[in-house]
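Here the structure comes first, spelled out in structure tokens, and everything after it is commentary.
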Amino acid sequence: MGDISIPKGATAKLGRVEGDLRVGQGARAESEGAIIEVTGRVICEGEAEFQGSLSCSEFSARGAWGSGGKIKILGDLKAAGEVRVENGQLSIDGSLDAASVNIDKALWVGGNARADDFDVGGVLEVRGNIMGRKVDVGGSFKVQGAADVDEVDVGGSVDIAGLVRCSQLDVGGMARIGGGEVSKDVDVGGKFESTKPLKFSKIEVGGLATLGEGGEGGDVDVGGKFESRADLSFNSLDVGGLASINGNGRGVEVDVGGLLRVSGSLTLEKDLDIGGRAYVGAELRLDSLEVGGSMEADQIVARKSIEVGGDLKTVKGAKGDSVELGHGSRTMGPIVARIVSVGHGGKVEDVYADKLELEHGSRAGNLYFREGEIEAGVHIEGEVLYTDRIESSPDVRFAKQPSRVNELPKPPL
């Protein structure tokens with residue numbers, strides 16, 4: 001049997017076709033057995049329906065302009081070459097297996113979908129898993145299973161319930177995935193969410209980004225709000241507004257324009273730079289710290305400098321090579337550093353330093369230092385012990401007169 005044609009609006013029962021199959025507008029092909037097997041091409045000239053699975057070398061269809069014609073396959077579709085639908089939609093109840101897929105409007109797949117390239121102008125929805133090299137969708141892309149696709153490029157929204165394994169995820173609007181790994185870039189214009197742990201190289205989101213069960217990766221760059229609801233390891237964390245980690249954080253550096261919250265500990269190889277306020281529930285360990293507003297942590301250990309413009313609150317204390325507190329700063333917890341500077345009107349508790357400077361109008365608890373300079377109007381409420389020298393204004397109020405000693409008390413950290 002050679003090429004076969006099904007006339008417009010007709011129904012034909014088919015088994016194996018040795019050649020091409022042409023299907024007219026509104027025609028129907030019914031399977032005589034488990035599958036309609038076409039050795040050549042299947043060409044649909046408008047809307048068509050296949051009752052059963054279909055196998056062919058290539059599949060093509062063309063919808064009438066303005067009709068939005070839909071092609072229905074009530075089974076699986078397997079094509080050795082391309083599947084193409086111009087000016088129309090393709091609905092497959094079963095699975096799809098093809099070399100490439102090019103659909104003008106929409107593609108629905110009830111099972112798994114496999115192809116090298118998927119190019120869909122409007123909607124791509126897969127109820128099973130999807131596998132391929134590239135997915136390019138103009139509107140929305142939805143997968144109820146897992147996605148193993150090297151590159152995903154979607155103009156509108158992405159919703160993948162299962163695990164993702166890809167190198168690049170590029171979405172213009174909103175994206176939600178079920179965790180997995182993106183080996184290169186996550187680039188989302190609006191909102192991004194991973195509901196399970198995510199391994200990543202770079203996350204760049206214009207608005208809101210959420211890691212539901214934390215993750216491990218490289219750089220995070222979010223314009224608005226970033227939230228990790230479990231432990232997070234990273235290279236750099238750069239957030240314009242609010243950043244929070246519900247757990248422990250480990251990385252190289254953090255730069256947050258507004259508020260940073262970490263419920264556990266935060267360990268950085270380099271710097272923490274906060275424009276507003278920062279809260280760390282346990283220990284903060286880093287190279288240097290710069291906070292424009294207030295800083296609160298159980299304990300802070302910096303290899304270099306600590307600079308806080310507002311209040312500094314710790315339970316166990318703050319330690320650094322140098323500690324600089326802004327004007328009017330209020331401090332709770334001991335401070336240990338080689339150099340300590342307290343701005344005018346500031347208030348500190350116990351200080352352990354090689355060199356100490358208290359500007360006018362500040363207040364302090366106990367002071368232990370090698371050499372110190374205390375300006376006018378300062379009030380010292382505890383003891384003052386030093387080893388080398390002290391310079392103080394005549395109107396400094398001491399609860400106890402300063403004492404020179406051979407050895408200072410051991411710092412608490």
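Here are some notes:
- In range of the label at Ala230: residues from segment 162-196 whose backbone nitrogen is under 16 Å from the point 7 Å along Cα→Cβ: 162-164, 177-182, 193-196
- Length-normalised contact order for segment 153-303 - Cα pairs under 8 Å, 6+ apart - percent: 11 percent
- In terms of overall dimensions, segment 13-153 has a Cα radius of gyration and Dmax of 13.9, 40 angstrom.
- The accessible-area ordering, largest first, of the residues Phe398, Phe50 stands as Phe398, Phe50, per a 1.4 angstrom probe.
- Listed residues Leu54, Leu413 arranged by accessible area, highest first, probe 1.4 Å: Leu413, Leu54
- Sequence of Glu357, Glu49, Glu269 from largest to smallest accessible area, 1.4 Å probe: Glu269, Glu357, Glu49
- Cα-projected label distance for Asp150 with His360, points at 7 Å along beta-carbon direction, nm: 7.0 nm
- Between the amide H of Ser53 and those of Ile36, Asp76, distances stay under 5 Å, these residues lying 5 or more places away or on another chain, with hydrogens modeled in the peptide plane.
- Pairwise FRET efficiency - Ser91 versus Leu413, Cβ, R0 = 60 Å, nearest 0.05: 0.35
- Two-site FRET efficiency, Lys199 against Arg389, from Cβ-Cβ distance with R₀ of 41 Å, rounded to 0.05: 0.15
- Working note: Karplus 6.51/-1.76/1.60 with θ = phi - 60° gives segment 141-153 the couplings 10, 10, 9, 7, x, 9, 10, 10, 9, 5, 10, 10, 10 Hz, where Gly and Pro are set to x.
- Take the chain with all the other protein chains still there, run a 1.4 Å probe, and you get 42 Å² of accessible area per residue.
- (i) 50; (ii) 42; (iii) 26, with the label sought being that of the calculated percent of Cα pairs over 35 Å apart: (i)
- Paramagnetic reach from Ala34 in segment 96-129 [backbone N under 20 Å; point 7 Å along Cα→Cβ]: 96-98, 110-114
- Listed cross-link partners Lys191/Lys313; Lys191/Lys316; Lys184/Lys270; Lys184/Lys319; Lys78/Lys134 are compared with a 30 Å cut-off, the Cα-Cα value being larger for Lys191/Lys313; Lys191/Lys316; Lys184/Lys319.
- Taking the convex hull of Cα positions in segment 238-336, its mean projected area over all directions (nm²): 4.9 nm²
- Tensor-based shape of segment 272-326 (alpha-carbon gyration tensor, a/c under 1.5 rounded, otherwise prolate or oblate): rounded
- Distance between modelled label sites at Arg22 and Asp287, nm, 7 Å Cα→Cβ extension: 7.2 nm
- Sequentially through segment 110-116, phi angles give Karplus couplings (6.51, -1.76, 1.60; θ = phi - 60°) of x, x, 8, 10, 9, 6, 5 Hz, Gly and Pro residues having no value and appearing as x.
- Accessible-area composition of the chain, carbon plus sulfur, in percent [1.4 Å probe]: 43 percent
- Spatial separation of Cα centroids for segment 289-344 and segment 114-184, in angstrom: 47 Å
The values are calculated or read from the model by the stated rules, or taken from the named source; none is laboratory data. Since the model is a prediction, treat every value here as computed from it, not as a measurement. Cβ atoms come from the backbone with ideal geometry, glycine included; neighbour counts cover every protein chain shown. We work out accessible area using only protein heavy atoms, side chains counted, and drop any ligands, DNA or RNA first. Shrake-Rupley method; radii C 1.70, N 1.55, O 1.52, S 1.80 Å.
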